Amino acid sequence: MIEAPDQKIHNKELVGRRAFGKDKAIFSDDGRRHFKIDVFIDTRPGGLSVDRLGVGEVIKKRITYLDPLGGAMGEKRGKPFRGWVVLSVTTIHELLEATEAEGEENVLHAEIMREEDYPTPKAKRALAFQLCELARKHDFEESPSYIAAA
């Protein structure tokens, strides 16, 4: 078990949105590889679920802890867990909150809060588009279990 981080999310932390399925479900290719907006769409109320990946060398330990959780979620969905679309929280820091995960024991869970500021489906799509643009700055973090199974 990994030690729970501080409840306060540091403005230099990285977070990751879990991605599932084939490349065409995650990536869009228009000459430059980037992420599909669907990776950041979630119609449930409240925040958009992410994993706290940390900063620097901490990321490797957190990926090892989080990978089986993503694999279990992929099995429930019937789609392989591929890894994380990574975001720096620097520009969205005020939207992030450390929260308890629903349906799993995950001390590294957080949410990009949308409840009050992004109440409509159109507003959630606009946020998803902005997150896709932020995600272009980082490489996709491949799931170790997916790599091992390939």
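The values are calculated or read from the model by the stated rules, or taken from the named source; none is laboratory data. This structure is a prediction, so every number in the text was calculated from the model and none was measured. Cβ coordinates were reconstructed from backbone atoms using ideal geometry, including for glycine residues, and neighbour counts include every protein chain displayed. SASA here: full protein model, heavy atoms, side chains in, ligands and nucleic acids out. Shrake-Rupley method; radii C 1.70, N 1.55, O 1.52, S 1.80 Å.
When you check G71 against the structure, is it touching a helix residue (DSSP H, G or I) at 6+ places or on another chain (Cβ under 7 Å) and of a type outside the set (A, V, I, L, M), yes or no?
Working: touching a helix residue (DSSP H, G or I) at 6+ places or on another chain (Cβ under 7 Å): yes; of a type outside the set (A, V, I, L, M): yes.
Here the answer is yes, as G71 does meet what is asked.
Criterion first (loosely packed, with under 11 Cβ neighbours inside 10 Å, under 13 Å from L48 (Cα atoms) and in contact with a Pro (Cβ under 7 Å, 6 or more places away or on another chain)) does E102 satisfy it? Write out each step before concluding.
Values: loosely packed, with under 11 Cβ neighbours inside 10 Å: yes; under 13 Å from L48 (Cα atoms): yes; in contact with a Pro (Cβ under 7 Å, 6 or more places away or on another chain): no.
Here the answer is no, as E102 does not meet what is asked.
Criterion first (open to solvent by 60 Å² or more (accessible area, probe 1.4 Å) and not hydrophobic (A, V, I, L, M, F, W, C)) does G78 satisfy it?
Judged against the criteria, G78 is a match.
Does the stretch 105-126 hold any residues that are crowded, with 19+ Cβ neighbours inside 10 Å and of a type in the set (A, V, I, L, M), and which are they?
Correct list: L108, A110, I112.
Which of the residues belonging to the stretch 15-37 are open to solvent by 50 Å² or more (accessible area, probe 1.4 Å) and either farther than 13 Å from V85 by Cα or without any contact (Cβ under 8 Å) to a residue 24 or more places away in the chain (or both)?
K22, D23, K24, D29, D30, G31, R32, R33
Here is a yes/no grid of residues against (1) hydrophobic (A, V, I, L, M, F, W, C); (2) at pLDDT 95 or above; (3) closer than 24 Å to I2 by Cβ:
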{"residue": "G31", "(1), (2), (3)": "no, no, no"}
{"residue": "I41", "(1), (2), (3)": "yes, no, no"}
{"residue": "P45", "(1), (2), (3)": "no, no, no"}
{"residue": "V55", "(1), (2), (3)": "yes, no, yes"}
{"residue": "K60", "(1), (2), (3)": "no, no, yes"}
{"residue": "L69", "(1), (2), (3)": "yes, yes, yes"}
{"residue": "V85", "(1), (2), (3)": "yes, yes, yes"}
{"residue": "E100", "(1), (2), (3)": "no, no, yes"}
{"residue": "H109", "(1), (2), (3)": "no, yes, yes"}
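List every residue pair whose Cβ atoms sit under 7 Å apart, with the two residues 6 or more apart in sequence or on different chains, where the first one lies in the stretch 63-85 and is closer than 15 Å to E141 by Cβ and the second, anywhere, is buried (at least 18 other Cβ atoms within 10 Å of the Cβ) and basic (K, R).
That search, which allows pairs on different chains as well, returns G70/R18; F81/R18; W84/R17; W84/R18; V85/R17.
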